[in-house]
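Structure first, commentary second.
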Amino acid sequence: MNENYELSLFPFQQEVFDHPARFKIVAAGRRTGKSFLACVMAYSHCLQHRNQRAILIGPTVSMIRESMWTTLKTIVHKSHLEGLPREMDLELRFINGSKISLKGFDRPDGLRGISPSPSFIVLDEFAFIKQHAFTEVVLPMATDPSRRAKVVIISTPKGVQGDFYELFNK
């Protein structure tokens, strides 16, 4: 992150973090650190790039709040923030103009038309998000030519069907 503040990752997390792929898909069991990794990746992206937007999306707002909001508020160094965390909006704003927003797929229409388009997108527990959410909502955001968003899809597997299964096996 910077010379005064560093976060440690497990070897599998570091491998995902360092991999150059624009689209990353991680299937792992519960309590393996997937959400922590996603928070570190979004945080790092926002520190390294000015005036960018990272969006972390979970199956519901309450699930993403529980799985990532507390983690983000714990790992983000206060000196990197512009003001306090925005609890109502689930948003962190950085002094370089970048921000991290948390959203839920329980309100998918609220994800359409986000402007500016995000440059970093995390889909948490993607196996539990409704069918076709990726192609109908996320892919249009990710393919905005002015942003070319990086996408991290993480989930605990849920059987051998659905969008997560299909994407993971491509």
Cross-chain or 6+ apart pairs with Cβ under 8 Å, the range 96-118 first and touching a residue at least 60 places away in the same chain (Cβ under 8 Å), then hydroxyl-bearing (Ser, Thr, Tyr) and in a loop (DSSP other than H, G, I, E, B): 116/146; 117/146
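Of all residues in the range 77-92, count the ones that are of a type in the set (Lys, Arg) and either surrounded by 10 or more Cβ atoms within 10 Å (Cβ to Cβ) or within 16 Å of residue 42 (Cβ to Cβ) (or both). Reasoning before the result, please.
First, pick out the residues of the range 77-92 that are of a type in the set (Lys, Arg): 78, 86.
Now narrow it down to the ones that are either surrounded by 10 or more Cβ atoms within 10 Å (Cβ to Cβ) or within 16 Å of residue 42 (Cβ to Cβ) (or both): 86.
Number of matching residues: 1.
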Here the residues within the range 26-41 that are buried (at least 19 other Cβ atoms within 10 Å of the Cβ) and among the charged types (D, E, K, R) are 34
Where a residue in the range 42-64 is closer than 14 Å to residue 121 by Cβ and open to solvent by 40 Å² or more (accessible area, probe 1.4 Å) and its partner, wherever it lies, is assigned to a helix (DSSP H, G or I) and not polar (S, T, N, Q), with Cβ under 9 Å and at least six apart: 52/45; 52/46
Tell me, yes or no, whether the range 15-22 has at least one residue that is closer than 20 Å to residue 99 by Cα, open to solvent by 30 Å² or more (accessible area, probe 1.4 Å), among the aromatic types (Phe, Trp, Tyr) and touching a residue at least 60 places away in the same chain (Cβ under 8 Å). no
Please pick out the residue among 42, 54 that is touching a His at 6+ places or on another chain (Cβ under 6 Å) and closer than 23 Å to residue 143 by Cα. 54
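The values are calculated or read from the model by the stated rules, or taken from the named source; none is laboratory data. In this text the structure is predicted, and so the values were computed from the model without any measurement. Quick reminder, even Gly has a Cβ in these numbers, built from the backbone with ideal geometry, and neighbours come from all protein chains shown. Heavy atoms of the whole protein, side chains included, go into the accessibility calculation; ligands, DNA and RNA do not. Shrake-Rupley method; radii C 1.70, N 1.55, O 1.52, S 1.80 Å.
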